[in-house]
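The structure appears right after this line, and notes come after that.
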Amino acid sequence: MALLDILEFPDPRLRTKAKDVKEVNNSIRKLVDNMLETMYEAPGIGLAATQVNVHQRVVVIDVSEEKDQPLVLINPTYQIIGGEQEYDEGCLSVPGYYETVIRAEKIQLNAIDRDGNAFEMQCDELLAICVQHEIDHLNGVLFVDHISKLKRERIKAKLVKAHKAELKKHR
Ligand code: NI
């Protein structure tokens, strides 16, 4: 397995709309395993392939305390069942920033697992938030798109400045 580099906002590649996976083959399984390793190492509770510059509809999630319940979502879709919840979201592609986002409380998720089997499940609480956040990534959307433009531009300016300082250090 290997750790993958995570793209950071405002990298334009994060705006790519991912394509459906045609077949769950060994190369997709290898991507899944590397994404899981990268997510646990970060550490994070979810990672979309878009964030590692692979533009296929693959997501990994683990919202468990013990970090022992990986969930693999290939070509995931969801329908809103109802309710609203707000949560201070963060993102491995927007390191160091947390902002309140309002999302659906309960959703019906459909996806394909690592073995290529279709499944469906109802999600609520943190899992529902995470699924919505990660599927956003596959569509080129970041959590900062759900907050005010002023806040988004402020975060963008700070991250651009931080990247420049980082580049200078490595020169
Ligand atoms: Ni994210």
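The values are calculated or read from the model by the stated rules, or taken from the named source; none is laboratory data. What you see is a predicted model, and the numbers here were worked out from it, not measured in a lab. In this analysis, Cβ positions are derived from the backbone assuming ideal geometry, glycine residues included, and neighbour counts consider all displayed protein chains. Areas reflect the complete protein model, heavy atoms only, side chains present, ligands, DNA and RNA absent. Shrake-Rupley method; radii C 1.70, N 1.55, O 1.52, S 1.80 Å.
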- Task: Please turn the phi angles of the stretch 98-105 into ³J(HN,Hα) values with the Karplus equation 6.51 cos²θ - 1.76 cosθ + 1.60 (θ = phi - 60°), one per residue in order, whole Hz, x for glycine and proline.
- Result: 10, 9, 6, 10, 9, 9, 5, 7
- Task: Grab the DSSP H runs of the chain that are 4 residues or longer, score each as -39,500 (n - 2.57), total them, divide by all residues and round the 222 nm result to the nearest 500 deg cm²/dmol.
- Result: -10000 deg cm²/dmol
- Query: Counting Lys and Arg as +1 and Asp and Glu as -1, what is the net charge of the other residues whose Cβ lies under 12 Å from the Cβ of GLY83?
  - Reply: -3
- Message: Show me, for the stretch 117-132, the HN-Hα J-couplings you get by feeding each phi into the Karplus relation (A = 6.51, B = -1.76, C = 1.60, θ = phi - 60°), rounded to Hz, glycine and proline as x.
- Response: 9, 6, 8, 9, 7, 8, 10, 9, 6, 4, 4, 5, 4, 5, 4, 5
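Calculate, for the stretch 1-157, the solvent-accessible area per residue in square angstrom, rolling a 1.4 angstrom probe over the heavy atoms of the protein chains. Numbers along the way, then the final one.
Numbers: 8210 Å² over 157 residues.
That works out to 52 Å² per residue.
May I ask what percent, to the nearest 5, of DSSP beta bridges between residues of the stretch 1-87 are antiparallel? Walk me through the numbers on the way to the answer.
Details: 7 of 8 bridges.
So the antiparallel bridges amount to about 90 percent of the total.
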- Message: With every protein chain left in place and a probe of 1.4 Å, what is the accessible surface of LYS149, to the nearest 10 Å²?
- Response: 140 Å²
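Give me the net charge of LEU7's neighbourhood, meaning all other residues with Cβ under 12 Å from the Cβ of LEU7; Lys, Arg count +1, Asp, Glu -1.
Details: positive: ARG13, ARG15; negative: ASP5, GLU8, ASP11.
Residues close to LEU7 contribute a combined charge of -1.
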- Item | Most mobile of GLN132, GLN85, GLN56 in a GNM of the chain (Cα contacts under 10 Å) | GLN85
- Cα-Cα over 31 Å, subset of LYS22/LYS67; LYS22/LYS164; LYS22/LYS106; LYS22/LYS149; LYS19/LYS67; LYS22/LYS161: LYS22/LYS164; LYS22/LYS149; LYS22/LYS161
- Roll a 1.4 angstrom probe over the protein heavy atoms and tell me the percent of accessible area of the stretch 118-171 that is carbon or sulfur. 54 percent
